[in-house]
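Written below as structure tokens is the structure these notes are about.
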Amino acid sequence: AASGDMPVAIAKVYADLKTTLAAHGLTFADVVKETVYATDLDAFIKHHQIRKAMYTSGYPVATWLQVPRLFTPALVVEVELVAVFPSK
């Protein structure tokens, strides 16, 4: 989750997710489901190219929702991912 202007918040949340995935030996290529909660979905859509840059090998199933607010009122976007560990 991140606060601030939407493009800054999107960049931060996806950078944090990239770090979390990497800590488990995963990348965005391993993500199979994404849920985005945004307080201004139009602003998220306008800046979706920031998100798009993370998915270089196709997109996961995704649901994008506009919500009136998130748990912490200053937050403007929260993203939940489901990733699958590759078979060995």
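The values are calculated or read from the model by the stated rules, or taken from the named source; none is laboratory data. Everything numeric here is computed off the predicted structure, so don't read it as measured data. No Cβ is skipped: glycine too gets one built from the backbone with ideal geometry, and neighbour counts run over all protein chains shown. The protein model used for the area step is the full one, side chains on, heavy atoms only, and it has no ligands, DNA or RNA in it. Shrake-Rupley method; radii C 1.70, N 1.55, O 1.52, S 1.80 Å.
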With a 1.4 angstrom probe the carbon and sulfur portion of accessible area for the chain, in percent, totals 60
If you look at just the Cα atoms of the chain, how large are its Rg and its Dmax in Å? 12.8, 43
In sequence order, calculated HN-Hα J values of region 34-44 (Karplus, 6.51, -1.76, 1.60; Hz; x Gly/Pro): 9, 10, 10, 10, 10, 7, 9, 5, 4, 5, 4
Projecting each Cα onto the charge dipole of the chain (Lys/Arg +1, Asp/Glu -1 at the beta carbon, about the Cα centre), which of Q49, A83, M6 comes out farthest on the positive side? A83
For helix 6-23, what angle does its Cα long axis make with the longest principal axis of the chain, in degrees from 0 to 90 and rounded to 10? 30
Of V13, V67, V76, the most mobile residue in a GNM of the chain (C-alpha springs, cutoff 10 Å) is V67
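Rounded to the nearest 5, what % of the DSSP beta bridges within the chain are antiparallel ones? Don't skip to the answer; put the middle values down first.
On the way: 9 of 15 bridges.
Roughly 60 percent of the beta bridges in the chain run antiparallel, per DSSP.
In Å², and per residue, what accessible area does the chain have when probed at 1.4 Å with the other protein chains present? Walk me through the numbers on the way to the answer.
Details: 5380 Å² over 88 residues.
Value returned for the chain: 61 Å² of accessible area per residue.
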